[in-house]
Ligand code: FUB
């Protein structure tokens, strides 16, 4: 089976299964509600052997993996997808997650353990609905879970919860983190300092903040020829509970040193920022959302600017594409999700077994295809 087949499948899934974020009115046109979506076009099942890797766990739906090595173990903080019975809409209301369950991985290829609920929305005093993609950090033996959730006015904000163990439980601070907004927090530690990245357009509401203040009705993206909206970065305070400075734009430039444009949907930032460092270079990777790629840009400082370099991951089964990159035992791994377990339901996703990243001599990254053209032949039956 050829790769074009899978591209077709992912495109169909992309157009029939909607999306974390929207709110942008012009494109793509809002899909029909879930009940009316023409799902018959999507194959009911795909041969599992065609996927590059298999689901990490399947007892719950999981997504948006933020992976870290804490105390020699791999810990993954992600979304806990549920079917809340909420119809799909152009704001991603069907992504109605309510808690977080950390996953502990006994090394690459090792046993994965889903831990009990470590933070529940009912224990976040200011939260309204929709706990989306989190991240975590360790400092001084304490663990900090950073999470986006809509407040009681339906505005996405960031919160932090603190625990003594990577598995939790985490206790939420009584208030949201001041000066933070939108979604998809990611924390990067560099030289003893911690940096918080965040942001996502469409349903992630970043466009509502483009004036510097929140405007509930401002859903407009910049015109196609204008610079695209950008993720934000701010250093964290020493106590890890607030940002230490006003969040700044993370500049993403093209090969000519010009900002990526809003009309450049194959390359511009949509959601899921992540930063890592390899051989002296900083890498900002992110999802392009409606074109479904994980792409990256390279720079010399955690603040940027970053220059666009290429794709890390081609589209997966399902609309969203969200990842993290972490070093384990001197190798680098990509963690990502798709909708294999639910056969393409975009809000019922599963984190996959990680894939090793390969770097070229110049530091660029070899693109990964989440499907394989020639899966390994099944093992011969024992005689
Ligand atoms: O899981 C909800 C949202 O979907 C995340 O916050 C986005 O990055 C997308 O993966």
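Here, each number is a calculation from the coordinates, and none is a lab measurement. Just so it is clear, the structure is predicted and the values come from calculations on it, not from any experiment. Here the Cβ is made from the backbone with ideal geometry for all residues, glycine too, and neighbour counts use every protein chain on show.
Using only the Cα atoms of the chain, build the gyration tensor, take square roots of its eigenvalues as a ≥ b ≥ c, and label the shape rounded, prolate or oblate: rounded if a/c is under 1.5, else prolate if a/b is larger than b/c, else oblate. Because its axes are fairly even, with a/c under 1.5, the chain counts as rounded.
Under the simplified labelling scheme, the residue 152-residue 343 pair shows an inter-label distance of 4.3 nm, with each label point 7 Å from Cα along Cα→Cβ. Between residue 279 and residue 178, how high is the FRET efficiency from 1/(1 + (r/R0)^6) when r is the Cβ-Cβ distance and R₀ = 35 Å? Nearest 0.05. After rounding to 0.05, the efficiency reads 0.45. Note on the chain: helix-only mean residue ellipticity at 222 nm, from DSSP H runs of 4+ residues weighted -39500 (n - 2.57) and normalised by residue number, equals -1000 deg cm²/dmol. When both the range 80-136 and the range 232-250 are represented by their alpha-carbon centers, they are found 24 Å apart. With each label modelled as a point 7 angstrom along the Cα→C-beta vector, the residue 245-residue 213 pair spans 2.5 nm. Distance between the pseudo-spin-label points of residue 331 and residue 58 (7 Å out from Cα toward the beta carbon): 2.4 nm.
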